[in-house]
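Heads up, the thing below is written out as structure tokens.
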Amino acid sequence: MKYRVYIDGQEGTTGLQLQKRLSEHKDIELMLISDALRKDIDARRELLNSADVVFLCLPDAAAVEAVSLIENERVKVIDASTAHRTAKGWVYGFPELSPEHRSAVATSKRIANPGCHATGFAATVYPLVRLGILPKNYPLTCHSITGYSGGGKKMIASYEGGDRPYQYDSPRQYALSLSHKHLPEMQAVTGIDRAPVFNPIVCDYYSGMAVSIPLHTSMLTKKLSPSALQEVLAEYYAGERLISVHGPSDDGFLPANELRDTCLLRIHVCGNDEQLTLVSLFDNLGKGASGAAVQNMNIALGLNEFETLI
């Protein structure tokens with residue numbers, strides 16, 4: 001049996017990545033809409049209601065509209081937008097965070113795919129809060145470096161254009177008002193009292209992320225050395241195939257594009273007995289977007305969780 005899958009927003013960056021992965025998936029029949037009908041509501045409604053699984057790769061308002069068009073109760077929806085990540089009735093699609101998260105993905109018909117920055121943040125903060133090591137009122141800061149593909153087709157065209165400004169040669173910090181759209185889920189999912197001070201930075205390479213959380217060990221509930229905290233996180237994620245935990249790199253560098261073209265996420269615990277930095281490395285288009293979406297679909301359909309991912 002093959003499951004019928006429709007991508008609403010198939011021509012966006014995440015939509016194209018999903019098409020590539022799903023075209024290689026042995027259990028999936030991919031339903032595509034013609035360019036002429038991409039904005040035809042009736043044509044979209046028919047596909048949205050005839051699929052077993054629908055991926056939404058749309059702006060927030062369009063994602064909400066698409067959900068309103070679905071009348072078939074058996075259709076499972078995986079939304080890659082920010083529209084439903086903290087919405088009632090939707091589960092957060094990060095199965096490695098806890099057995100409860102994995103169970104919710106397996107049984108829900110409404111799954112919100114995590115944001116890329118939020119993925120790296122939650123991967124380190126959620127376990128430490130859950131284990132009682134990181135106080136919920138800790139004043140967190142998060143620095144996140146991403147490749148330009150995270151900005152979608154318009155940003156990709158800007159970076160790859162022949163007449164781009166010289167400033168694009170340099171890392172560029174953005175969301176300077178400190179009101180980035182991933183902040184609500186970063187706070188809600190981890191259970192912290194306040195959103196972190198969040199500094200996202202886009203750089204001149206295609207894909208890959210390094211999300212860093214600096215910590216003072218004296219402000220944790222118990223003072224842990226880097227090796228001790230590495231052991232804690234390694235035990236937390238023991239048995240997970242996509243997430244692994246490590247110490248500092250051998251050469252003293254952590255390239256943000258280290259895991260490009262993969263669906264892996266690697267946590268590095270760095271620092272000393274007084275200060276720590278937790279770094280999540282992954283591909284913003286892999287574990288940060290389409291890879292996570294396919295993983296959620298595989299779990300929701302009872303398939304091999306890692307089909308087309310490893």
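Being within 24 Å of Ala256 (Cβ to Cβ) and free of Cβ contacts under 8 Å to residues at least 24 places away in the same chain holds for only one residue in Ser207, Ser158, and it is Ser158.
Residues in the range 137-188 that are closer than 17 Å to Ser81 by Cα and exposed (fewer than 12 other Cβ atoms within 10 Å of the Cβ): how many? Going through the range 137-188 one residue at a time, the tally reaches 2.
Could you go through the range 72-86 and let me know if any residue there is surrounded by fewer than 22 Cβ atoms within 10 Å (Cβ to Cβ), touching a strand residue (DSSP E or B) at 6+ places or on another chain (Cβ under 6 Å), under 20 Å from Leu303 (Cβ atoms) and not hydrophobic (A, V, I, L, M, F, W, C). Checked the range 72-86: at least one residue is surrounded by fewer than 22 Cβ atoms within 10 Å (Cβ to Cβ), touching a strand residue (DSSP E or B) at 6+ places or on another chain (Cβ under 6 Å), under 20 Å from Leu303 (Cβ atoms) and not hydrophobic (A, V, I, L, M, F, W, C). Kindly provide the set of residues from the range 83-121 that are among the polar types (S, T, N, Q), over 17 Å from Asp52 (Cα atoms) and more than 11 Å from the chain's Cα centre (by Cα), ordered by number. Listed by number, the residues that qualify are Thr86, Ser98, Ser103. In the range 35-49 there is no residue that is assigned to a loop (DSSP other than H, G, I, E, B) and buried (at least 16 other Cβ atoms within 10 Å of the Cβ). Here Leu254, Leu220 are screened, and the one residue that is more than 27 Å from Lys136 (Cα to Cα) and modelled with pLDDT of 95 or more is Leu254. Selection of the range 49-69 for residues being out of contact with any helix residue (DSSP H, G or I) (no Cβ under 6 Å at 6 or more places or on another chain) and touching a residue at least 60 places away in the same chain (Cβ under 8 Å) yields only Asp52. For the structure I just gave you, tell me whether Pro127 is surrounded by 12 or more Cβ atoms within 10 Å (Cβ to Cβ) and outside any helix (DSSP H, G or I). So Pro127 fails the test. Tell me, yes or no, whether the range 224-239 has at least one residue that is modelled with pLDDT of 95 or more, assigned by TED's automatic domain parsing to the domain that holds Leu183 and touching a Cys at 6+ places or on another chain (Cβ under 8 Å). Yes: the range 224-239 contains one or more residues that are modelled with pLDDT of 95 or more, assigned by TED's automatic domain parsing to the domain that holds Leu183 and touching a Cys at 6+ places or on another chain (Cβ under 8 Å).
The values are calculated or read from the model by the stated rules, or taken from the named source; none is laboratory data. All values reported here derive from a predicted model rather than from experimental measurement. Every residue, glycine as well, gets a Cβ built from its backbone with ideal geometry; the counts of neighbours run over all protein chains shown.
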